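See below for the structure under consideration.
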Amino acid sequence: MGPEFFAALDILNNSLDSLDYFQVFRLEPTATPREIKDAYYRESRTYHPDRFHQLPDEGLKEKINTVFKRITEAYVVLRDDAKRAKYLSDISGPERAQKLRYTEESEAEKKAEQRKAIEEQIGTTPKGRDCYKLGMQELDRKRWEAAMRQFKMALMYEPANAKYKEKLKEAEAEYDKTRPKNDFRIK
């Protein structure tokens, strides 16, 4: 730990906000998981705060802690295949400067997008989805009246859901085909 080390630490600490996680590890974005793991161990051995607990300079300790936290943060993201793929797409896009750090907000954003996609497929309320699923089961069993009831219940929870309306019309059309003509019923 000579003056070269502390000069390199200073440079790294000052440039952390402009480096992506691969640059923190001095790797290419095409690095393999094994290379990422090796780089993490190399960097964490170099900058682990326990190596520097005896230093009297608190400012220097703070810089080491900052660098080590970023190294750990980088490893948490890059070791996970899904997070690494999302991170690579983020830093390859036009908003690279804003996406250099993988934050919980970007994770929450990803989960919200997935949740929205599921909701768009089925529905937004749990009870509406349950009624829809039961209605689909009744459709499969060719129990048209029961299917219509379930889809109507689903529409009570989500009156604007186009998918529910579409399935209700489908069940009604099938019911009308099988219903005896001249049958008097109160609806």
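Cβ separations smaller than 7 Å between residues 6+ apart or across chains give the following pairs from region 154-178 residues that are closer than 18 Å to residue 137 by Cβ to residues that are part of a helix (DSSP H, G or I) and of a type in the set (Ser, Thr, Tyr): 154/132; 154/164; 155/164; 164/132.
Quick check on my filter: what residues within region 124-153 are aliphatic (A, V, I, L, M) and over 22 Å from residue 179 (Cβ atoms)?
none
Residues in region 132-151 that are surrounded by 15 or more Cβ atoms within 10 Å (Cβ to Cβ) and either in contact with a Leu (Cβ under 7 Å, 6 or more places away or on another chain) or over 23 Å from residue 186 (Cβ atoms) (or both): 132, 134, 136, 139, 147, 148, 150, 151. Of all residues in region 63-75, none are loosely packed, with under 15 Cβ neighbours inside 10 Å, over 28 Å from the mean Cα position of the chain (by Cα) and β-branched (Val, Ile, Thr).
So how many residues does region 12-35 have that are over 14 Å from residue 70 (Cα atoms) and outside any loop (DSSP other than H, G, I, E, B)? I'd like the intermediate steps shown before the answer.
The initial filter retains those residues of region 12-35 that are over 14 Å from residue 70 (Cα atoms), namely 27-35.
Those left that are additionally outside any loop (DSSP other than H, G, I, E, B): 33-35.
Total satisfying the criteria: 3.
Answer yes or no as to whether residue 78 is surrounded by 15 or more Cβ atoms within 10 Å (Cβ to Cβ), in contact with a Pro (Cβ under 7 Å, 6 or more places away or on another chain) and within 24 Å of residue 111 (Cβ to Cβ). Spelling it out, it is not the case that residue 78 is surrounded by 15 or more Cβ atoms within 10 Å (Cβ to Cβ), in contact with a Pro (Cβ under 7 Å, 6 or more places away or on another chain) and within 24 Å of residue 111 (Cβ to Cβ). The single condition among (1) of a type outside the set (D, E, K, R); (2) touching a residue at least 12 places away in the same chain (Cβ under 8 Å); (3) over 19 Å from residue 4 (Cβ atoms) that residue 67 does not meet is (3).
Sub-8 Å Cβ pairs linking a first residue in region 43-61 that is free of Cβ contacts under 8 Å to residues at least 40 places away in the same chain and under 15 Å from residue 12 (Cβ atoms) to a second residue that is in a helix (DSSP H, G or I) and polar (S, T, N, Q), at least 6 apart or interchain, are 44/72; 49/65, ordered by first then second residue. Residues in region 1-42 that are closer than 19 Å to residue 81 by Cα, among the aromatic types (Phe, Trp, Tyr) and in contact (Cβ under 8 Å) with a residue 12 or more places away in the chain: 21, 22, 25, 40.
Here's a check for you: in region 142-187, which residue that is in a helix (DSSP H, G or I), of a type in the set (Lys, Arg) and modelled with pLDDT of 90 or more is farthest from residue 125 (Cα to Cα)? Write out each step before concluding.
Taking region 142-187 as the starting set, the residues that turn out to be in a helix (DSSP H, G or I) are 144-157, 162-178.
Narrowing further to those that are of a type in the set (Lys, Arg): 149, 152, 163, 165, 167, 169, 177.
Keeping just the survivors that are modelled with pLDDT of 90 or more gives 149, 152, 165, 167, 169.
Details: 149: 17, 152: 14, 165: 15, 167: 17, 169: 21 Å.
Among those residues, the one meeting the criterion is 169.
The values are calculated or read from the model by the stated rules, or taken from the named source; none is laboratory data. Quick caveat: nothing in here was measured; it's all calculated off a predicted structure. Please note: Cβ atoms are built from the backbone with ideal geometry, for glycine as well, and neighbour counts cover all protein chains shown.
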